[in-house]
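Since the structure comes first, as structure tokens, the remarks are kept for the end.
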Amino acid sequence: MHLKRVTSKHKGKTYEYAQIVKSVRREDGKSSIEVVKSLGRMESEEDWERAEKIKEAMEKDEKIVRLKDVEIEKQFELGLGWVAEELWDRHGIGKSLMNAFESRKHEFDPEKIAFMLTVNRLYRPGSDLSAYRWIRERGWPRVEIEKQWVYRTLDPLVEEKEEIEKNMLQELKNNLDLDLSLVFYDLTSSYFEGEGPELAKFGYSRDKRKDKKQLVLGVVMADSVPIAHRVWPGNTDDSSTLEKTVQDLKDRFGIEEMVFVADRGVFKGNLEDLDHNYIGSVKKRKSNLSEKLLPKNVPGSKEKRTAEIHTDGKKRYILCLDEDRREKDLENLEETVEEGESFLEDLEQRFKSKGRGRPMTEEGAWKRIHKNLGRSKRLFQIKVEEKNRKIEWELDQEALEYEKTIAGKFLLVTTTDLKPDKVMEEYKNLKDVEQAFDDLKNILKLRPIGHRTSKRAKGHIFICILSLILAKLMEKHTGRTFENMKEKLEPLKTNQIKIHGEKIYKRNTINPEQEEILSELDVEKPPKTLVNV
């Protein structure tokens, strides 16, 4: 085998490409040149050195050795990393980081470390220390790394975040033809271990960890791919983030025409001021409009159906009915009634009881009722008489019928001219952001956050977002879930083998399922012998 230079001219410029070729003898006895592998365009001497190493590795693949001379030393994770590296390059993520870091002087390559931290989060999410150990001991490609480089990579990520996201969006637009006319926005929270930095505050916890300080994370998505994120102090009110996020999309990304899709908590108090079309939901409870409109009929027989039932200036109100959701709502309603009745029967007996200790007071009874029934208290008419030591209660039939009538329904408001069915469809796509948050927390292990400075906490968040982008790109290209692909690709390893004192890297066999995923992702199979360059 040898390396062949191929030249090509385009628009007055000459480009060089590398091919690995070998001489083969045809059936007629004559020899010809066969292309073994095309290595793409060569733009520097380093590219040609890399091509030479690949050729040498492929030649080693053809050597005959004795088994006793083969020693397997180590094994490294290959499957997900191989795919991640291809998508990282194909969609310009690495390029976006390199351009942002270009003016900085580093003794190491922060883009490469950021990539390895991202891959680690796809594989084995954990602390920065565990990430450092994984990169050093298990990660592929092999990179030189020192512990402090992990932390020193997080800092420029945060400092150059605005530029990196802007560059990435441009690359994603070019590669994926992203539709930015419709953007989805939602918030979540993530808690800290310990006191946390200045960013850490007590606030509304979506993790149900009121005992922990937290931060608030807002994510903007388009076509199921995260395009921007922002970190807020933990006590930030959801609705206060909307105007700044919309303005950021306009100023930084130049997105002038867009429909904003978000949940009711984000839109609260912002609708009149929002300088864009939107799709949002109306609170189901404590809203006069909802109480008036939700009981209305939604005509048709489809499982998911809609009707425009009210207008208010530019605002159109769309009543939606989801039969699957209706069935679940009715099941939950029945369980809620049974649990409420059981609780009230037990409380009634305890209130009558003349056992040891102080008797339960009327105030104590009501505290238990509010704590245990919560919102379901609206389904019961309850009377507590401390003097006569009795609790009387009955189902509120009117409230129960109202709940049955609105089961499976929700009310949307929009300023778009989209058809009602399309409004419902796009609003339900907001679940992509909710699923992204679920992936961040449960697969990529966003929480708990252990950093003691706000900058490092934000750097941790950015690495999590980069890993989420790769996971969502994998899902977008294949239609599979990331978890499914991770399970299938994780067994694909590369082995460090020592032969006559020389180290080479050999991957294990690719099974049909792995080959299918690689094909769906349009990613070439890794060669049997790999070169760490």
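The values are calculated or read from the model by the stated rules, or taken from the named source; none is laboratory data. What you see is a predicted model; the values in this text were computed from it and never measured. With ideal geometry, Cβ positions are generated from the backbone for all residues, glycine too; neighbour counts draw on all protein chains shown.
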Is it true that some residue in the range 368-382 is farther than 29 Å from Asp329 by Cβ, without any contact (Cβ under 8 Å) to a residue 12 or more places away in the chain and among the small types (Gly, Ala, Ser)? no
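Check the range 353-361 and report whether any residue there is more than 47 Å from the chain's Cα centre (by Cα), farther than 29 Å from Ala407 by Cα, in the same structural domain as Lys286 (by TED's automatic domain parsing) and in a helix (DSSP H, G or I). Even if it seems obvious, please write down each step before you answer.
Of all residues in the range 353-361, those more than 47 Å from the chain's Cα centre (by Cα) come to 353-361.
So of that shortlist, the ones also farther than 29 Å from Ala407 by Cα come out as 353-361.
Okay, now just the ones that are also in the same structural domain as Lys286 (by TED's automatic domain parsing), so 353-361.
Okay, now just the ones that are also in a helix (DSSP H, G or I), so none.
No, every residue in the range 353-361 fails to be more than 47 Å from the chain's Cα centre (by Cα), farther than 29 Å from Ala407 by Cα, in the same structural domain as Lys286 (by TED's automatic domain parsing) and in a helix (DSSP H, G or I).
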Exactly one of Asp346, Asp324 is modelled with pLDDT under 95, within 29 Å of the chain's Cα centre (by Cα) and surrounded by fewer than 14 Cβ atoms within 10 Å (Cβ to Cβ), and that residue is Asp324
Inspect the range 423-430 for any residue being surrounded by fewer than 22 Cβ atoms within 10 Å (Cβ to Cβ) and in contact with an Asp or Glu (Cβ under 6 Å, 6 or more places away or on another chain) and give the result as yes or no. no
In the range 431-478, what count of residues is obtained for those that are at pLDDT below 95, within 19 Å of Ala222 (Cβ to Cβ) and small (Gly, Ala, Ser)? 1
If we scan the range 342-364, do we find a residue that is under 26 Å from Gln397 (Cβ atoms) and among the polar types (S, T, N, Q)? yes
Quick one: how many residues across the range 75-125 are in contact (Cβ under 8 Å) with a residue 60 or more places away in the chain, under 16 Å from Val523 (Cα atoms) and not in a loop (DSSP other than H, G, I, E, B)? 10
Among the candidates Leu530, Leu492, single out the residue that is at pLDDT below 95, of a type in the set (A, V, I, L, M, F, W, C) and farther than 30 Å from Ala222 by Cβ. Leu530
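Yes/no matrix, rows are residues, columns are (1) exposed (fewer than 14 other Cβ atoms within 10 Å of the Cβ); (2) at pLDDT 95 or above; (3) not small (Gly, Ala, Ser):
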position: Glu331; (1), (2), (3): yes, yes, yes
position: Thr336; (1), (2), (3): no, yes, yes
position: Gly355; (1), (2), (3): yes, no, no
position: Met360; (1), (2), (3): no, no, yes
position: Arg375; (1), (2), (3): yes, no, yes
position: Lys387; (1), (2), (3): yes, no, yes
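Just the residues that are of a type outside the set (Asp, Glu) and surrounded by fewer than 23 Cβ atoms within 10 Å (Cβ to Cβ), please, taken from the range 200-216. It would help to see each step written out before you state the result.
Going through the range 200-216, the residues of a type outside the set (Asp, Glu) turn out to be 200-206, 208-210, 212-216.
Those that are of a type outside the set (Asp, Glu) and surrounded by fewer than 23 Cβ atoms within 10 Å (Cβ to Cβ): Lys201, Phe202, Gly203, Tyr204, Ser205, Arg206, Lys208, Arg209, Lys210, Lys212, Lys213.
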Checking Thr509 against (1) β-branched (Val, Ile, Thr); (2) touching a residue at least 12 places away in the same chain (Cβ under 8 Å); (3) outside any strand (DSSP E or B), the condition it does not meet: (2)
Say we look at the range 227-246 and pick out the residues that are touching a residue at least 40 places away in the same chain (Cβ under 8 Å) and among the β-branched types (Val, Ile, Thr); which of these is farthest from His91 (Cα to Cα)? Thr241
